[in-house]
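All remarks here apply to the structure that follows.
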Amino acid sequence: MKILAIETSCDETAVAIVENGRKVLSNVIATQINLHKKFGGVVPEIASRMHVEKINYIIKEALQIAELTLDDIDAVGVTYGPGLVGALLVGVVSAKAIAFAKNIPLIGVHHIEGHISANYIEYQDLEPPFLCLVVSGGHTHLVKVNDYTEYQIIGKTRDDAVGEAYDKVARTMGLEYPGGPKIDELSKIGNASILFPKAMLDDGYDFSFSGIKSSVLNYINSCKMKAEEINIADI
């Protein structure tokens, strides 16, 4: 079975063709990072407009790389949420149009289920049950995967996602978007000399990132007010 998969939940237009759920025949991504850099984060309206411009070309390229046509596709999968509403709409409408025109099944995919299912492609022999840590811009979850479509959330953030904490701290420190990779790179040359609160809670498997995010932001603002030198790598 060959599935055409469309993903437009945020700032990347992505189309892949997957065979039998495990083998990737093509995977084409149009990123918008350079467009959003000047704003320090994703602007939903800009993201949506760029998806409209790119989606048809990306679908065509994915088919060409896989050496297939739409007549060879057995079903269309598309991210239906969560994500930016306008951006999601572009992918959903495109997927619906193809499914309707070719009279093939349309499969709506939950964004976070997509994150979890990517492991089946990375690890060909992986089968449920297993425990999965989901870390994205808006989500930080511990999920017990009981079966291929059966999930149990056993832990999650009670406030901010770790990705949001990364982005806000990076922006405050003057690092270019996306800040996550730059924070990781700088952390390797810094010293753990500044004490910040932990993100783990003592009860259960939940996380909490608002405390550490606020603590870091307060530390940076305090240094600026006192005209003290800030060592970004140590932070």
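The values are calculated or read from the model by the stated rules, or taken from the named source; none is laboratory data. Nothing here was measured: the structure is a model prediction, and the numbers come from that model. Glycine gets a Cβ as well: all are built from the backbone with ideal geometry, and neighbour counts include every protein chain shown. To get the accessible areas, we keep the full protein, side chains included, count just its heavy atoms, and leave off ligands, DNA and RNA. Shrake-Rupley method; radii C 1.70, N 1.55, O 1.52, S 1.80 Å.
Key figures for this structure:
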quantity	calculated
Nearest-ten-degree value, helix 162-172 long axis tilted from longest Cα axis of the chain	60 degrees
The chain: calculated mean residue ellipticity at 222 nm from DSSP helix runs of at least 4, using -39500 (n - 2.57)	-13000 deg cm²/dmol
Unit charges on C-beta of K, R, D, E only; dipole of the chain, Debye	620 debye
Between helix 85-102 and the chain: long-axis angle, C-alpha atoms, 0 to 90°, nearest 10	10 degrees
Between helix 111-122 and the chain: long-axis angle, C-alpha atoms, 0 to 90°, nearest 10	80 degrees
Accessible surface, per residue, of the chain when the full set of protein chains is kept, probe 1.4 Å, Å²	59 Å²
Area accessible to solvent at Phe39, 1.4 Å probe radius, in Å²	110 Å²
Label corresponding to mean projected area of the Cα convex hull in nm² when calculated from the structure given, among (i) 20.2; (ii) 14.8; (iii) 14.0	(ii)
Tally of Lys pairs whose C-alpha atoms are under 30 Å apart, taken over segment 99-235, 8 or more apart or cross-chain	28
Neighbourhood net charge (15 Å Cβ-Cβ; Lys/Arg +1, Asp/Glu -1) for Tyr80	-1
Extreme residue, positive dipole direction of the chain, given options Ile194, Ser222, Tyr177 (C-beta unit charges)	Ser222
Gyration tensor (alpha-carbon) shape descriptor, segment 1-90, a/c threshold 1.5	prolate
Heavy-atom accessible surface of segment 66-219: percent carbon and sulfur, 1.4 Å	55 percent
